[in-house]
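What follows is a single structure, written as structure tokens, with notes after it.
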Amino acid sequence: MLTKMISRNGLILAIFAAVCVGLIAVTYYITRDTIAGEMEAALARTLNQLVAQEEYNNDVYHDCTLIADASELGSDRPLKAYRMRQDGEPVAVVMESVAPNGYSGKIAMVVGIYEDGTIAGVRVTDHKETPGLGDKVDAKKSDWILNFAGKSLSNPEIEEWAVSKDGGQFDAFTGATITPRAVIQQVAKTLVFFENNRQQLFEGPQNCGGTND
């Protein structure tokens, strides 16, 4: 009797699990295009914060190349680089980059760099920095991150890519130095990577896939 009851309950649980999996699959199938569209729109908003839409006329979302060895960009996995072009001519690249040494862990960002090596803009996309202190790297919390626009490896010189406390040209936050130091160092490394891989970035294959995964 007990064996039959256990078997019956096991069968009910198996059927319930199968139904749940089926519902999840159906929901994903129905909503996947909507989700993909929302992701594409969110990406477009971020890209256009860095490089104005009127500066390029290609399909940036699909004109994307994978950086297979992204160790210099702070990542042990491939990162993406989105290319902006005007009538086929290179305008800018927006690259993913990761500062591995934030106060509370990794700080993910995107760095827009014009073809001439000048920064179009930088935005932090994910972090776990302390609210009210390190989170000021987020453009929603402060305008500190906007100060990178117009900078390059010669403005300032590479040795001055540091917080003022370290003899550099960039301000830190009151009570928080580790976070801005990490971001500044990683933006500088991203500029160096761009300078050393400019041709690959603009001429590499379109191989990111259809979604920002």
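The values are calculated or read from the model by the stated rules, or taken from the named source; none is laboratory data. Everything numeric in this text was worked out from a predicted model, so none of it was measured. With ideal geometry, Cβ positions are generated from the backbone for all residues, glycine too; neighbour counts draw on all protein chains shown. Protein only, heavy atoms only, side chains kept; ligands, DNA and RNA dropped before computing areas. Shrake-Rupley method; radii C 1.70, N 1.55, O 1.52, S 1.80 Å.
Observations on the model:
- Of all residues in the range 120-132, those that are over 16 Å from L47 (Cβ atoms) have Cβ atoms under 6 Å from Cβ atoms of residues that are open to solvent by less than 20 Å² (accessible area, probe 1.4 Å), 6 or more apart or on another chain, in H127/I107; E129/G102; E129/D135; E129/T179.
- Whichever residue in the range 156-172 is in contact (Cβ under 8 Å) with a residue 24 or more places away in the chain and closer than 17 Å to V122 by Cα and, among such residues, is most open to solvent (accessible area, probe 1.4 Å): D171
- Scanning the range 130-144 for residues that are acidic (D, E) and either farther than 24 Å from T174 by Cβ or in a loop (DSSP other than H, G, I, E, B) (or both), we see that the one that is nearest to the chain's Cα centre (by Cα) is D138.
- Any chance R45 is basic (K, R), modelled with pLDDT of 95 or more and out of contact with any Asp or Glu (no Cβ under 6 Å at 6 or more places or on another chain): no
- Qualifying residue in the range 149-156 (condition: in a loop (DSSP other than H, G, I, E, B), out of contact with any Cys (no Cβ under 6 Å at 6 or more places or on another chain), at pLDDT below 90 and more than 22 Å from Q53 (Cα to Cα)): no
- Screening the candidates F194, F202 for the property of being in contact (Cβ under 8 Å) with a residue 24 or more places away in the chain, touching a Pro at 6+ places or on another chain (Cβ under 8 Å) and assigned to a helix (DSSP H, G or I) yields one hit, F202.
- Identity of the residue in the range 107-129, open to solvent by 50 Å² or more (accessible area, probe 1.4 Å) and modelled with pLDDT under 95, that ends up farthest from the chain's Cα centre (by Cα): K128
- Screening D63, D33 for residues that are charged (D, E, K, R) and modelled with pLDDT under 55 leaves exactly one candidate, D33.
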